[in-house]
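K.L.:
Before anything else, here's the structure in question.
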2 protein chains.
Amino acid sequence: MTDPVLARLAADRAGILERLGELLRAPSVSTDPAYADGMAAARAILIRRITEAGFANVRLLEAGGHPAVYGEWTGAPGSPTVLVYGHYDVQPPDPAELWHSPPFEPTVRNGRLYARGASDDKGPSSIALETLAAFLAAEGRLPVNVKLLLEGEEEVGSATLGAILDGNRALLDADVVLSADGGRWRADLPTIAVGSRGIAALEFSVTTAVKDLHSGRYGGIVPNALHVAARLIASLHRPDGTPAVKGFLDGVVEPSDAERRSLAAIPFDDAGLFAGLRAEPAGESGYGTLERLWYRPTIDANGVWGGYTGAGGKTVIPNLAHAKLSMRLVPGQDPANAAAAVIRHLRTHCPAGVTLEIREGHHSAAYLVPDAHPLLLAAEAALEETTGTVPLRVRNGATLPLSDIVRGALGIDTVMFSFSTSDEDFHAPNEFIRLSAFDDGFAAWVALLRRLGKQTAADYAGFRR
Amino acid sequence: MTDPVLARLAADRAGILERLGELLRAPSVSTDPAYADGMAAARAILIRRITEAGFANVRLLEAGGHPAVYGEWTGAPGSPTVLVYGHYDVQPPDPAELWHSPPFEPTVRNGRLYARGASDDKGPSSIALETLAAFLAAEGRLPVNVKLLLEGEEEVGSATLGAILDGNRALLDADVVLSADGGRWRADLPTIAVGSRGIAALEFSVTTAVKDLHSGRYGGIVPNALHVAARLIASLHRPDGTPAVKGFLDGVVEPSDAERRSLAAIPFDDAGLFAGLRAEPAGESGYGTLERLWYRPTIDANGVWGGYTGAGGKTVIPNLAHAKLSMRLVPGQDPANAAAAVIRHLRTHCPAGVTLEIREGHHSAAYLVPDAHPLLLAAEAALEETTGTVPLRVRNGATLPLSDIVRGALGIDTVMFSFSTSDEDFHAPNEFIRLSAFDDGFAAWVALLRRLGKQTAADYAGFRR
């Protein structure tokens, strides 16, 4: 006998994709103020949809940044209260010329839906939202109490999410967060991510002279800002890929022998991964690929620019160079300390007489779900039920600032239950989501919600701080 | 008794500056095809002016690139024939936002005329052109035969100048080139530049993966194109500033003891220079400032870019990074060999699995005027006459591809006789020329032309190859 909610989701497939398409057409880039209209359009679409679906108390929650969209259904007294999380903001589309179809015109090709935000996170958020809507439509109720929170600042480090949570503690009080963000590791292997890396970001600028100088008139006697920036960036790592920043690795825990064995047991096609990326393996020597991704922190330059970058040549010695850096952090690292170590390193390595300006960005600590958390166990059981396989516990090399912020503000844990996949080019041109994610995702969300309906709020008491 | 030509130049001062202003308003940026209209406008202004002044055979000379403007006056049989050189193309105005007045709106402030090209080389070219025009207007003739050649590709390495000269050898046949480009070293010290550095340019791109990758999902396991580019740029020099490129210094001649003594005798305010630039001295250890500028070659990054450079952050591992490099070369270095050494160095230092694309730019060798060249001696005498001081022989750290190209194509030497000054921010925002350069320049050009009128073509025979 087909589940009535799944039946409804199947029957409404075209409508679901059409509504997602409308959301994808709203260019909701949170990092760039030029996209403010796209942000507002995405919010309006979501407010309309969750109101129609039957959520109550629909509103914007705001603390000086991009507002979050909120709605709730609280008709299951005694059942757990689950804060379902997603985000409607997306990364910038640059470099726009590398897209095969326009980033804000959703396009289906070969079973994949291409658009900025398709995979991160409008598609996965839509799976959660449409599942909840289908429950309400088919059964008039949800198996648990649900508070829906769709953030608008995930791509800018959830700048004001902490303040939004702090300012709405009673409204947002819940037993756990169930996140539609975070992504599946792979499409071919049922997994559940129990941890994520943290992040810290900064920008620096070096100024070597009062102005750009002619490379003939001054070449050989003055510093070149691009050379200084290149040396600073090169100095961050040793030739073997080890971070060369003193203090950066403070608190980092080596994987245990048991963790190493567990990693080794994961079927993982290293060669295929790198062949597909057309990249040579690189990184910290002495660690395997999954250790590097899940247990080791990184420092990456995300952008560097200076001097003349137009057509032809210009014989200047640039006096200004700029770099954006970000770090991925692991459990045990304090984000502020890690960022401070990099800043100290830059200041120490900057030559005398060169002005170094550093602007610190957002921080977020790494996160691990407690091993026996009831939502984690339910999520694993739901995936086993719908895939026929016990899911592997994995980690996520990326950052979900949410988990860290939520634990800090509301004292509860977060379980990630997304059906995007890590190869879907989010944060890059030609982002897509597999259409099959909607089948996998609806099945799993329905199964999980029905299992949560058998739990009680009391099951979560030991996991609230 | 005032020289009638100088009197005429003084009386026409407003007209001269007005005509120069019209030329400066034409945005004749040769490196960027977007400025083609500005190039055409500058040519039209010059053609009209030299025709009105009384030059004959006025025309464009062209060999597939930006045309040069040509005109001649050949009414002095037996006298030397001097090819007077200038250029009407200018550097790009970027970064445009740093200009205090728009780059193509000439503006006088504090005795300085600000505009892109004011100093390099529309101002100095205008001094030469207006002096010749004043001779023709006041006396109906010039003291020597003059062939006027105003190039349109000086700022792009005189790409087709060699072909223009090769294709017009009979037309351009002359005893020597007198260049209105090249610049005075200082405004406070009469000097004459007897040599210039050469140049070689290239661009490189590194590709580390098939696309930009998410710094969370892939951070720690794939190479970062910006890190590779930074290491490549950093590898070009040792920490003490010495070029680290094997073979790059081949052929470079150390300054002789006599040259070192002569350099030491030049009054030169090192501390004032660097204080004015707000830069620490930098460069090759073991050499003084003037040695570094005149006797030592350099490698400079002129532009570097890659990854996300917009507002806010973007957590990508960029798969592409780009750099523009240029080298300043000294006598003894073969430009092709020097460029090949840098290319070999980049290829050797590029990590395995990273695609390195290199595009070679133009080359031009360094240049030295023969010690006893009659035009050099006349120029020194003219400067002594008008300034009351024997000018110092200096070199120019910058490149005048002209000298090298002219020697190759026409077999004659070039003497630089420009009245721009090296601190006038050419190739940078807020380029200007001192209005006093017009007084100094007109006096010197009139004195020089009158001295050349006493020479004969035969005086130059020993200096033609």
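K.L.:
Tell me the mean residue ellipticity at 222 nm calculated for the protein assembly as shown from its helices only (DSSP H runs of n ≥ 4, each -39500 (n - 2.57), averaged over every residue, nearest 500).
P.N.:
Working: 28 runs with 311 residues, N = 930.
Helix contribution divided over all residues of the protein assembly as shown: -10000 deg cm²/dmol.
K.L.:
Measure nothing but the geometry: give the 0 to 90° angle between the long axis through the Cα atoms of A:225-234 and the longest principal axis through the Cα atoms of chain A, rounded to 10°.
P.N.:
50 degrees
K.L.:
Report for the protein assembly as shown the percent antiparallel among DSSP-assigned beta bridges with both residues inside it, nearest 5.
P.N.:
The answer is about 70 percent antiparallel.
K.L.:
Hey, another quick one. With a/c under 1.5 counting as rounded, go ahead and sort the range A:253-342 into rounded, prolate or oblate using the C-alpha gyration tensor (a ≥ b ≥ c being the square roots of the eigenvalues; past the cut-off, prolate if a/b is larger than b/c, else oblate). Numbers along the way, then the final one.
P.N.:
Numbers: a/c = 4.53, a/b = 1.72, b/c = 2.63.
It is oblate, given that a/c is not under 1.5 and a/b is not larger than b/c.
K.L.:
Also, quick follow-up: Compute the label-point distances linking B:T387 to its equivalents in the other copies; points lie 7 Å from Cα along Cα→Cβ; give nm, one decimal, shortest first.
P.N.:
Result, one decimal in nm: 8.0.
K.L.:
Quick check on the range B:9-134: of the DSSP beta bridges with both residues there, what percent are antiparallel, nearest 5%?
P.N.:
90 percent
K.L.:
Taking the Cα centre of the range B:121-276 as origin, sum charge times position over the Cβ atoms of Lys and Arg (+1) and Asp and Glu (-1), and report the length of that vector in debye to the nearest 20. Walk me through the numbers before you get to the answer.
P.N.:
Numbers: 14 positive and 21 negative charges, 124 e Å.
Dipole of the range B:121-276, to the nearest 20 debye: 600 debye.
K.L.:
Which trypsin sites (Lys or Arg not before Pro) from the range A:102-189 combine a DSSP loop assignment with at most 15 other Cβ atoms within 10 Å?
P.N.:
Hits after loop and neighbour filter: A:R141.
K.L.:
Turning to a different aspect of this structure: Taking beta carbons within 10 Å but only from partner chains, what does the mean come to for residues A:233-243?
P.N.:
Taking the mean over all residues of the peptide, I get 3.
K.L.:
Here is a follow-up. Compute the long axis of helix B:13-24 from its Cα atoms, compare it with the longest principal axis of the Cα atoms of chain B, and write down the angle in degrees, 0 to 90, nearest 10.
P.N.:
30 degrees
K.L.:
Quick one: if the Förster radius is 56 Å, what FRET efficiency do B:A275 and A:R169 give, using the C-beta to C-beta distance and rounding to 0.05?
P.N.:
About 0.45, to the nearest 0.05.
K.L.:
Rounded, prolate or oblate: which one fits the range A:1-89, using the alpha carbon gyration tensor with axes a ≥ b ≥ c (rounded when a/c is under 1.5, else prolate when a/b beats b/c, else oblate)?
P.N.:
Verdict is oblate for the range A:1-89.
K.L.:
If you average 1/r across every pair of different Cα atoms in chain B and take the reciprocal, what Kirkwood value do you get, in Å?
P.N.:
Every distinct Cα pair counted, the radius reaches 23.5 Å.
K.L.:
In whole angstrom, and with the biggest value first, how far do the Cα coordinates of the range A:89-240 range along each principal axis?
P.N.:
Per principal axis, max minus min of the Cα coordinates gives 79, 44, 33 Å.
K.L.:
Just to be sure I follow the rule: in the protein assembly as shown, considering lysines 8 or more places apart or on different chains, how many pairs have Cα atoms under 17 Å apart?
P.N.:
4
K.L.:
In degrees, nearest 10, range 0 to 90: what is the angle between the Cα axis of helix B:401-410 and the longest Cα principal axis of chain B?
P.N.:
60 degrees
Read-outs throughout are calculated quantities, based only on the coordinates presented, and are distinct from any laboratory measurement. Quick caveat, the model's predicted, so the values are computed rather than measured. For neighbour counting, all protein chains shown are included, and Cβ atoms are generated from backbone atoms with ideal geometry for every residue, glycine included.
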